[in-house]
Ligand SMILES: [Ca+2]
């Protein structure tokens with residue numbers, strides 16, 4: 001067996017116990033041992049396999065029969081007397097003590113611990129309220145090491161439900177329920193974390209968890225052929241009360257209004273056809289009115305022109321008469337003078353004008 005295999009086997013044995021064995025410390029070195037009570041999916045503490053620990057869903061960071069252990073115990077081994085700084089990044093928080101009076105908001109992001117006189121270990125506790133991974137770096141001057149861990153969601157605390165607001169009669173719609181723990185982490189409901197069930201118009205309906213999406217459940221709901229409103233509700237079992245963190249939401253509702261879409265389309269089409277007919281008639285009426293107005297305007301202009309022409313004709317006629325009268329008067333006057341002349345000058349008579 002080569003040395004790599006020996007190390008791998010030793011590591012595997014240590015993980016089985018949920019503990020990484022401490023390596024003796026030397027100057028400027030730090031080794032970390034972590035204890036967690038979750039062995040089934042405890043992880044190795046690497047970024048790709050964080051340790052798992054229950055979130056403090058009862059708002060006390062401690063160990064109890066109901067919720068198990070809700071913290072990691074982190075033991076750093078260093079050269080005696082060396083101060084050790086622990087720093088949490090992400091949702092993780094650090095504590096120097098746990099217990100029934102320590103709440104989910106008690107932790108801090110960094111703690112420095114100096115081992116007691118002659119001692120080589122510094123111990124702190126870490127917890128998280130999130131199922132996303134957090135990192136904790138343990139450091140001394142000149143050396144550091146980082147472990148990763150994540151929370152295991154608590155019991156179902158809140159349920160939400162969504163469904164389409166409307167649907168065609170007789171069709172199927174998807175109702176989606178999401179279940180979260182007291183800290184908003186998705187919860188895959190199990191016998192130990194509660195139940196979730198759906199009711200459609202008073203009848204229990206199937207609710208199936210979506211593969212790969214823990215805490216999300218779907219139900220295919222068929223709305224009635226007669227239309228109307230379909231009431232859907234999702235319910236989770238009432239969890240143990242945690243008054244210090246609020247009130248659980250154990251029921252959520254959604255309503256689907258169904259209608260005969262084909263009938264609605266036929267009605268809409270009929271309305272559209274009627275609208276088109278009305279529009280065509282309005283257009284025709286407008287053209288008729290426009291044509292009539294145009295004809296009237298043309299006639300008015302024509303009448304005006306005819307009247308002007310008639311006035312001119314009358315004027316010409318009057319001028320002609322006036323001229324004739326004037327000419328006749330001139331002839332008469334000339335002839336009168338001619339008669340007088342002829343009497344006085346019989347030897348040089350002038351002719352009268354006819
Ligand atoms: Ca607790």
Tilt relative to the chain, helix 3-16 - C-alpha long axis, 0 to 90 degrees, to 10 = 80 degrees
Per the C-alpha gyration tensor (a ≥ b ≥ c, the square roots of its eigenvalues), segment 228-346 is rounded if a/c is under 1.5, else prolate if a/b beats b/c, else oblate; here it's prolate
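What's the whole-number percent of alpha carbon pairs in segment 115-214 lying beyond 17 angstrom?
On the way: 3360 of 4950 pairs.
Across segment 115-214, Cα pairs with separations above 17 Å total 68 percent.
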To the nearest 10 degrees, how steep is helix 261-344 against the longest Cα principal axis of the chain, on a 0 to 90 scale?
-> 20 degrees
Quick one: which of 121-129, 62-70 comes out on top by average Cβ neighbours within 10 Å, and what's the full order, highest first?
-> 121-129, 62-70
Express the relative contact order of the chain as a whole percentage, based on alpha carbon pairs under 8 Å and six or more residues apart in sequence.
-> 12 percent
Please report, to one decimal in angstroms, the Kirkwood hydrodynamic radius of the chain built from all distinct Cα-Cα pairs.
-> 29.6 Å
Just report the Cα centroid separation between segment 106-125 and segment 144-220, whole Å.
-> 40 Å
Highest first, please rank the peptides 244-250, 135-141, 227-233, 324-330 by the mean number of other Cβ atoms sitting within 10 Å of their residues.
-> 135-141, 227-233, 244-250, 324-330
Sorted by mean Cβ packing within 10 Å, highest first, what order do the peptides 251-258, 154-161 take?
-> 154-161, 251-258
Let me know the shape class of segment 158-259, please: from the alpha-carbon gyration tensor, a ≥ b ≥ c as square roots of the eigenvalues, rounded when a/c is under 1.5, otherwise prolate if a/b is greater than b/c, or oblate.
-> prolate
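Laboratory data are not the source of any read-out in this text; all were calculated from the coordinates shown. Since the model is a prediction, treat every value here as computed from it, not as a measurement. Because the Cβ atoms are built from the backbone with ideal geometry, glycine has one as well, and the counts that use them run over all protein chains shown.
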